[in-house]
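No value in this document is a laboratory result; all are computed from the given coordinates. As the structure is a computational prediction, the values presented were derived from the model and not from experiment. When we count neighbours, we look across all protein chains shown, and the Cβ atoms used for this are built from the backbone with ideal geometry, even at glycine.
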Amino acid sequence: MADPVTYRPKTSEIPTEPGVYRFRDEQGRVIYVGKAKNLRNRLTNYFQDPANLHPRTQNMVFSAASVQWTVVANEVEALTLEYSWIKQYDPRFNVMYRDDKSYPYLAVSMGEEVPRMQIMRGARRKDTRYFGPYSQVWAIRETVDQLQRVFPIRTCSKAVYNRAQRAGRPCLLGYIDRCSAPCVGKISKQDHYQLADQLCQFMGGKVGPYIRDLKTQMKQAAAELNYEKAAQLRDSLAALEKVLEQNAVVLSDGTDADVFAQIADELEAAVQVFHVRGGRIRGVRGWVIDRPSDATEPELMQRLLQQVYAEATPASPTEREAAVSVDDVEHTPTSAIPREILVSTLPEDETAVREWIEQLRGAKVDLRVPQRGDKRALMDMVATNAEHALRLHKTRRAGDLTQRSKALEELAEYLDLPAAPLRIECYDVSHTMGTNQVASMVVFEDGTPRKSDYRHFTIRGEAGEGATDDTAAMREVLTRRFKRLQAEESGQTGYDEDGIQLASGPVDPNTGKPRRFSYRPDLVVVDGGLPQVNAASTTLQEMGITIPVVGLAKRLEEVWIPGDDFPVIMPRTSAGLYLLQHLRDESHRFAITHHRKKRSASMKRSILDEIPGLGPARQAALLKTFKSVKKIREATAEELAEVPGVGPMLAQTIHDFFQPNTAEQSEPTE
């Protein structure tokens, strides 16, 4: 760890304007991002007597090796830049709300010529309207089922749509009138687009006028003795009313609002968000996070608002018409940001946050804590949900989050490590009786999986036929992984033996993000006992790499250290042992999954695999030229030799393989 005095900038060099600052570690990785109204006042606080700093802040400044800052025009720009950097660098000392699941949304792809209604998760797409989130998939499927009775827009994929268009026949949904079948021209593309637009208006809150219009049409049809049409309209009304019943009215004035309630204790914080549109709850979402001991509730609320609204998109003209009345156009909300944002605690920089959200929305925003009436009652209901979520989280995890740092400290103590291992790599080998040998590398940082750094290995062996045993496979994997590390640390360029381009240094100088394999781990764990551990340790010693190595044996959960005749026995309830078990199980899962894929692929063999000297590249070239194995079988040796990469000798071998009788007849007779 670096002493803050070694990288402290001169006070006179720090500007007094608003700005954003970044603390980096010795390898250049960003570990903390912050903003300030006055950079000089804020940064000098970090370099005071460490005894006066909060323990978490102490840990941060001693982990850092440099500090940089960027001056901006005002606090709103600082707020925007701060969050974009937090999202880009993922600093481990910043607060980020991480959800343990991906919520489903009802999405309508209005950017397509023929819009599609579907259930979507993950990142949002451009020109797509989203409604939700829904807490359960079954709830959204039931909603889609009811909506299709009234708004029969397509739900099929592009491939299914194109196939129906070519065949001139709609799918089953088109035959049972659950889809208006634009693929075969039962409805024009323009009318289908208007139908999708009506669906978006209905889901966006324009409910009353649409219901009244349907009732008027139903009465008119009945008066004209058109009972079949009246019955269809009656069923449509029943379907819409069922959808509306699923979203209870919580605000009788039809308000659009997002309601944020936060419940926090000394260790954790839970947040619930209700998305209310047209007075009805359209979506519910929640988070539970570790609360840094020096983070205040206003600071946590500010981080939450930044994260929720950072990717808000402007509303389309149709959305604006659906969301507001004519005499309220100046306050038109977007689909993601309503006019009212109700919070249980005002954010830390209330003025800056409000201005930032108004810039995203393009109109005024009412950010406040409700004090009385229906909105206060709604806030209390959301807060009750947050309280229940926090209680359930604590019950399920039984203090696991609070023991994560304890687990790392226990590993350092039991394994006699110089410091807590912040980055741990675990390796496992998987095969079936020596065939389809693969290995996995699993990475944990700060006691949690870092899945973006996971890696698979295909074991080659000395003759390209796999390793002789698990220890030989482990030696090969570690050699390949740490040869790459040494090459990148020494600044070499080119490609490693796996064909992956080498990088210089652990941090990308263009983006500031850490590279996947350039970071040196603090601890290497192998799945196995003393033989595997000794093989791994010997491999690293031969390469001149000094990294602690341990192994975890499955039989009695013994922890083996190289050179020791007896294992380390950690208590069964130890948080450190639990972390090692989690590592081992995750590496085994990752390895066995890849092995099964490889084994399945090897079972799908082609007859071309039986021809000596014909590898995958030449097989692909032959199939590209002749289109099928049948035509390869019928080709002459001269035609085969014209394929790139296939010479006369190999062409004759292929021809003789498929035409053995011809080969026998061509042999000279005595």
Worksheet item: Sorted by packing (mean other beta-carbon atoms within 10 Å per residue), highest first, where do 63-73, 561-571 land?
Response: 63-73, 561-571
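Grab the beta carbon distance between Asp290 and Glu26, set R0 = 30 Å, and tell me the FRET efficiency rounded to 0.05.
Numbers: r = 25 Å, r/R0 = 0.84.
Here the calculated transfer efficiency is 0.75.
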Worksheet item: Expressed in nm to one decimal, what extension gain is obtained for the pair Ala223 and Asp127 from 0.36 nm per residue of sequence separation less their Cα-Cα distance?
Response: 30.4 nm
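Among the listed pairs Lys37/Lys375; Lys10/Lys451; Lys126/Lys364; Lys87/Lys597; Lys186/Lys219; Lys597/Lys631, which have their C-alpha atoms separated by more than 28 angstrom in this model? Spell out each step's value before the answer.
Details: Lys37/Lys375 33 Å; Lys10/Lys451 40 Å; Lys126/Lys364 24 Å; Lys87/Lys597 33 Å; Lys186/Lys219 26 Å; Lys597/Lys631 30 Å.
Pairs exceeding 28 Å: Lys37/Lys375; Lys10/Lys451; Lys87/Lys597; Lys597/Lys631.
Highest first, please rank the peptides 215-228, 405-418 by the mean number of other Cβ atoms sitting within 10 Å of their residues. The partial results should precede the final answer.
Numbers: 215-228: 12.5, 405-418: 17.1.
Packing proxy ranking, top to bottom: 405-418, 215-228.
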